[in-house]
1. Can you pull out every residue in the stretch B:448-475 that is of a type in the set (A, V, I, L, M) and buried (at least 20 other Cβ atoms within 10 Å of the Cβ)?
2. Across the stretch C:303-333, what is the total count of residues that are of a type outside the set (A, V, I, L, M) and within 14 Å of another protein chain (Cβ to nearest Cβ)?
3. List the number of the failed condition for residue B:394; all other conditions in (1) modelled with pLDDT under 95; (2) more than 19 Å from residue B:189 (Cβ to Cβ) hold.
4. Filter the stretch B:57-90 for residues that are among the aliphatic types (A, V, I, L, M), in contact with a strand residue (DSSP E or B) (Cβ under 8 Å, 6 or more places away or on another chain) and open to solvent by 10 Å² or more (accessible area, probe 1.4 Å) and give the result.
5. Suppose we keep only residues that are surrounded by 17 or more Cβ atoms within 10 Å (Cβ to Cβ) and touching a strand residue (DSSP E or B) at 6+ places or on another chain (Cβ under 8 Å) within the stretch B:240-264. Which one would you say is nearest to the other protein chains (Cβ to nearest Cβ)?
6. For the stretch B:265-273, indicate whether the set of residues that are aliphatic (A, V, I, L, M) and either touching a Ser or Thr at 6+ places or on another chain (Cβ under 7 Å) or within 14 Å of chain A (Cβ to nearest Cβ) (or both) is non-empty.
7. Are there any pairs with C-beta distances below 7 angstrom linking a residue in the stretch B:418-431 that is facing another protein chain (nearest Cβ under 10 Å) to a residue that is modelled with pLDDT of 90 or more, with the two at least 6 apart or on different chains, and if so which?
8. Take the residues in the stretch B:410-446 that are under 22 Å from residue B:223 (Cβ atoms) and aliphatic (A, V, I, L, M), then tell me which one is most open to solvent (accessible area, probe 1.4 Å).
Amino acid sequence: MILHAVDELQGADTNGIDPTLQVGDPGTPTRPDAVEPCLSVDRALAGAPSHEAGFLRVAAIQ
Amino acid sequence: MSWLLRPLAEQAAALRTGQVTSTALVEEALGRIAQLDGALGAFLRVTVDLARRQAAEADRRLAVEGEGAPDLCGIPVAIKDVLCTEGVETTAASRILAGFVPPYTATAVRRLAEAGAVSLGKCNCDEFAMGSSTENSAYQLTRNPHAPDRVPGGSSGGSAAAVAAGLAPAALGTDTGGSIRQPAALCGVVGFKPTYGRVSRYGLIAFASSLDQVGPFTRTGGDAARIYRTIAGPDPRDATCSPRPVEDPMPTLELGLEGLRLGVPAEYVASGLEPGVQRVFEAACQRLVAAGAQLEPVSLPSTRYALAAYYVIAPAEASSNLARMDGLRFGPGRPGAVTLREQLEGARHLGFGPEVRRRIMLGTYALSRGYYDAYYRRAQQVRTLVAQDFHRAFAGVDAIIAPTSPTVAFRLGERLSDPLAMYQSDVLTVPFSLAGVPAASVPAGLADGLPVGLQVAAPAFADAHCLRVARGVERALGVAEPPDLARRAAP
Amino acid sequence: MSPNPATIDLARAVERWEPVIGLEVHAQCTTRSKMFCGCRADYAGLAPNTNTCPTCLGLPGALPVANGEAIRMTVLTGLALQSQIPPRSKFDRKNYFYPDLPKGYQISQFDLPLCVGGWLEFEVAGVERAVRITRVHLEEDAGKLVHPAELHRADFSLVDLNRAGVPLMEIVGEPDLRSPQEARAYLVALRQLLLYLGVCDGNMEEGSLRCDANISLRPRGTEALGARTEVKNLNSFRILQRALEQEVLRQAARLEAGETLHPETRGWSEAEATTVAQRSKEEADDYRYFPDPDLPPIVLEPAFVDALRGELPELPRARALRLRQTHGLSAEEARQLTQLPGEADYFERTVSAGAPATLAANWQVNELAGLCQRAHRTVESSGLPPERLAALLHLVDSRAVSAPTAKELLAEAIASGADPADLVEVRGLRQVSDEGALAEAVDRSIAAQPKAARDYQAGNDRALGALVGQVMAATRGRADARIVTRLLQARLPRDPGP
């Protein structure tokens, strides 16, 4: 049903039109290569439902 | 009248003359929340202790810095629950994030805090900001302060309702396809979606990254400008946030509408508007002309495809953005799962509501091999066409005006089982989102006692200009009266 | 020595079947911080999950911002590989679920990589070869899954995200390699190039350089490609070559048995000394790539690329050629000295400190290299500055120190950090070249070994060795052996031949 609605798109004439990749200013905002403080392991894992010895614990991959 | 219903400038002045303290403002807000929010449901979480601490700190700062303190110092604000606050549970109104306490704060929230604003708590919204009625919240309903049997709009319905009911003089929301403007219209307050890239998205739990934008809900255009200039600006933590300096909207805010050419898109007023909305919009247009504006028809032909493009792009990005909700690093997860697949699928099955699941499916489909070009790529091409429409239109006019929503607030439950009807709520707001331009919704009057919003849009990065026009419209139409509920509440 | 039976099989197999091999190499950039956040890129030795932040943990709302230095390093690598650097590039999301991938997608590059095309020239057993480069792109690494060793039942896994988000360059080569030996030589040359550029530390043991290979066989003389096997995680030169050899044997045996091969993914099993089938990752069939909306497209201005081109250091092959032309080194010496940029630097500093080039090359390759290897050090970390080596070689060259003495001193210098030229003076080890001073010792040697003297005079050259030896012993090795030899020959004239 929703797919049918978005199929309206097929009616648009997009020949030769570039897809939008970016809405804002052009250019490449990058970060300087600088080390910043990390979270402590306690804070990093504070929300994890299961952890052990500093690791996240997950069910077996099967 | 309650301090909380007065413009921020008056509150700021009173805080500086000692007429009122931040602590008093915050206590009043907490009192009104206690009194009204049980029925309203605007807040998911009220951070009483934190608010009192911040208010005491703001009072100290006002005493020391006086006039030099930032204009928002001591002002209570409410925050949509998709914006992370360090140490405060932030759920995006989803079960999958129940108990998630971020170890960091969203840039927009941090900037308010640094200016001395006091955070009252986190507001309800549609789950992951997906919806137009706030009914998709996993936790509670929010009612429209003007009519308790109606929706506040969405997805930032809690923020809009909180401001409309005078529980907070200002609130932060987020707008992806209309999630600030539509609830602002339905609740009779001002909502402003800045240019994409003007406010950092760092700490905003993403729905659709190329569309999401943080913005204010306030009672007046002037108040919106004050919040906007505090939260806007470059942020090294968001690569999509513009490095351009922010133009202060305050100096030009009161310049009015005299001589401005306002474009009215033929496509938007042609059909699909409720008669009441149509009447209010037409009446408003006449008053704008009386205030010196010149109305001109403009054409935005590609916007007929905008909604379809939006409902491809936003779900596609969401399907990827929500992949991190796997119940491994945060959230309740899926206790007792034996296999990883059970753990993942269990967490997502328990955690996501039906609308979120629907959009993930739609987005996954739009990105999948064999369908990418027909859906995602094509939608992004349409987006280019929509942006070109606006570019052409803005060459001839100073701003574009349109109704914000084709309808007034609908009844709770009315569209819940009809996603397409729900999606239609965004038809007038989505094109501006796709183009990334700034757009505000200003109260335009009442239809059958329910608020109607008028949308004002300007070219990208002309946010100050957009706010000036919005303020001009507001002056021409008159600031909306708060709902009875807000006026009845004890001061 | 009997030939290894596997070698015979391999020789037989490649007589009939031609291997077609391509390598995909992942090189960890030597940036200080991760690809999209400020956590450390060098995670070695850190306790689990102590090198994370909201961004690399994939917490809701956290955003990536690209490390400009990693982009610079990748473009530099592309330039060294003669790649085209398109003016626009972008990051894409590669969507799949795995517990070591916190966001549920990897930020990578799909259809607009930073570097396109190019080639790498290298030598295999003296023959010039080249591999075309398909592309070089930049992506982020995943975390690490740890399977607790003490558990017999694998009912859970542990995840460490310290590595998640570390910048990786992926260097994809065309299937231009035709033998496992060639594949190894290509990887050696690629690693050498990365070390010269300073963009990767090349440590395969610790995983900063990783290699996947795809290989198929086709009947010699035909063009069509066979079904290819992807062999994952070939993390040493030895394993790369062995795994490919085993794969040649396995595929040849199956083809000769009339089987049809299908594309598959395999890994190297050290225990079984062969490749083993791997289950490919689930949902790996459709990654739903799309441009990452959190990261605006990368615009590379021509001025930026040109400036980087100017920063390219002298590359290994150019350097080897220059060493041969400037210093008259042999091809082999030049090759050995340019294996690592630090070694070539060391050589050139030794020469500019006054050492004769051929002597410096000879001593660095034949003496110093071995000493350093035994001490698990590089020439740079040997504790012997090139200026000190030059001073020692100057003494050798002017015959002030004998070669055996100099070798001993070199070993001692590596062991203790001492200055070998100082030791010569302190211990009085200067070579005795004064014929007058040596004449007495020569006479005594002849007197002490009359039989050796007679034997030499009778035509037995080897007998001279014993006589020289005694002089050397008497002077505690300080005598100039060539002068001693000349003096002995003068004292012991041989009968003119019949």
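1. Step one: of the stretch B:448-475, the residues of a type in the set (A, V, I, L, M) are B:450, B:452, B:454, B:456-458, B:460, B:462, B:464, B:467, B:469-470, B:473.
Within the stretch B:448-475, B:450, B:452, B:454, B:456, B:457, B:458, B:460, B:464, B:467, B:469, B:470, B:473 qualify.
2. Step one: filter the stretch C:303-333 for residues of a type outside the set (A, V, I, L, M), giving C:304, C:306, C:309-311, C:313-314, C:316-317, C:319, C:322, C:324-328, C:330, C:332-333.
Next cut, within 14 Å of another protein chain (Cβ to nearest Cβ) only: C:304.
Number of matching residues: 1.
3. Going through (1) modelled with pLDDT under 95; (2) more than 19 Å from residue B:189 (Cβ to Cβ) one by one, residue B:394 breaks only (1).
4. Listed by number, the list holds a single entry, B:88.
5. Result: B:241.
6. Residues of the stretch B:265-273 that are aliphatic (A, V, I, L, M), as a first pass: B:266, B:269-270, B:273.
Now drop any that are not either touching a Ser or Thr at 6+ places or on another chain (Cβ under 7 Å) or within 14 Å of chain A (Cβ to nearest Cβ) (or both), which leaves B:266.
Yes; the residues of the stretch B:265-273 include at least one that is aliphatic (A, V, I, L, M) and either touching a Ser or Thr at 6+ places or on another chain (Cβ under 7 Å) or within 14 Å of chain A (Cβ to nearest Cβ) (or both).
7. B:419/B:358; B:423/B:307; B:423/B:311; B:424/B:406
8. Going residue by residue through the stretch B:410-446, those that are under 22 Å from residue B:223 (Cβ atoms) are B:429, B:432, B:437-446.
Next, from what is left, pick out any that are aliphatic (A, V, I, L, M): B:437, B:439-440, B:442, B:444, B:446.
Details: B:437: 8, B:439: 0, B:440: 1, B:442: 2, B:444: 19, B:446: 110 Å².
Looking at the filtered set, the residue picked out is B:446.
The values are calculated or read from the model by the stated rules, or taken from the named source; none is laboratory data. Quick caveat: nothing in here was measured; it's all calculated off a predicted structure. Here the Cβ is made from the backbone with ideal geometry for all residues, glycine too, and neighbour counts use every protein chain on show. Ligands, DNA and RNA are stripped out before the accessible areas are found, and what is left, the full protein with its side chains, is counted by its heavy atoms. Shrake-Rupley method; radii C 1.70, N 1.55, O 1.52, S 1.80 Å.
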